[in-house]
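Read the structure below first, then the notes.
Please treat every number below as a calculation from the coordinates, not as lab data. Being a predicted model, the structure only gives us computed values, none of them experimental. A quick note on method: Cβ atoms are made from the backbone with ideal geometry, for glycine too, and the neighbour counts reach across all protein chains shown.
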Amino acid sequence: MAISLQKGQRISLSKEAPGLSKIICGLGWDVIKPAGGGFFSNFGNKAGQEYDLDASVICLSDNGKLTDNQNIIYFGNLSHPSGAIVHQGDNLTGAGDGDDEIIIIDLARIPSSITKLVFVVNIYDCQARKQDFSKIENAFVRLVNVANNQELARFNLSGQDYQGMTGMILAEVYRHNDEWKMAAIGNGVSVNGLGELVKSYI
């Protein structure tokens, strides 16, 4: 049974799934529907706009720093040079149930120079559209063992106040004493795009 994580909680993936090699990181969210529901409810209503959320992975060295732009996996760079991290592509609306964006990670192929993977989400063109995470609900990040399709851990972010936040640091998967661990973060940040979010790791 998958572990339901609370903000700040950490677990050992290696202990939960001995021999774990390959995982899927699934991220999902819904946009709160505007009140009313009539034919014209989406017109002139900021809450009726489509939100384009982008999931990314920032790969950090053992000093917690980003050393190369190739270590940012996002819609503009879908695969790490090592082949260890592959983003399955951009979902422009978050429509539908289940995972909205999927990232496949081969832990065994991650270079030794990378010790931490930071999973983040930001709202594309957030300033021009005047959008933030206060209109996002049912956001989650989950890890699945590819070998048996078993969900290992899930972190639900709903019920927290993200007014004014345009980016979010969801979770970290990191290497510690030859074990892979996961930490549930859930910190909102006010940034204009992925570029600004990444600056804090340079």
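The one condition from (1) part of a strand (DSSP E or B); (2) more than 21 Å from I73 (Cβ to Cβ) that Q131 does not meet is (1). In region 139-161 there is no residue matching the filter, namely being assigned to a loop (DSSP other than H, G, I, E, B) and closer than 15 Å to Y51 by Cα.
Taking the conditions (1) over 20 Å from S4 (Cβ atoms); (2) buried (at least 18 other Cβ atoms within 10 Å of the Cβ) in turn, D100 satisfies each one other than (1).
Taking the criterion of being part of a loop (DSSP other than H, G, I, E, B) and closer than 24 Å to I23 by Cα, the residues of region 174-199 that qualify are N177, D178.
Comparison of A108, A139, A147 shows that the only residue that is in contact (Cβ under 8 Å) with a residue 60 or more places away in the chain and under 14 Å from the mean Cα position of the chain (by Cα) is A139. For region 58-71, filtering for residues that are outside any helix (DSSP H, G or I) and surrounded by fewer than 21 Cβ atoms within 10 Å (Cβ to Cβ) leaves 9. Residues of region 147-161 that are closer than 21 Å to A108 by Cα and either surrounded by 17 or more Cβ atoms within 10 Å (Cβ to Cβ) or touching a Ser or Thr at 6+ places or on another chain (Cβ under 8 Å) (or both): A147, L152, A153. Note on region 163-173: residues that are surrounded by fewer than 20 Cβ atoms within 10 Å (Cβ to Cβ) and either outside any loop (DSSP other than H, G, I, E, B) or under 16 Å from the mean Cα position of the chain (by Cα) (or both) amount to 2.
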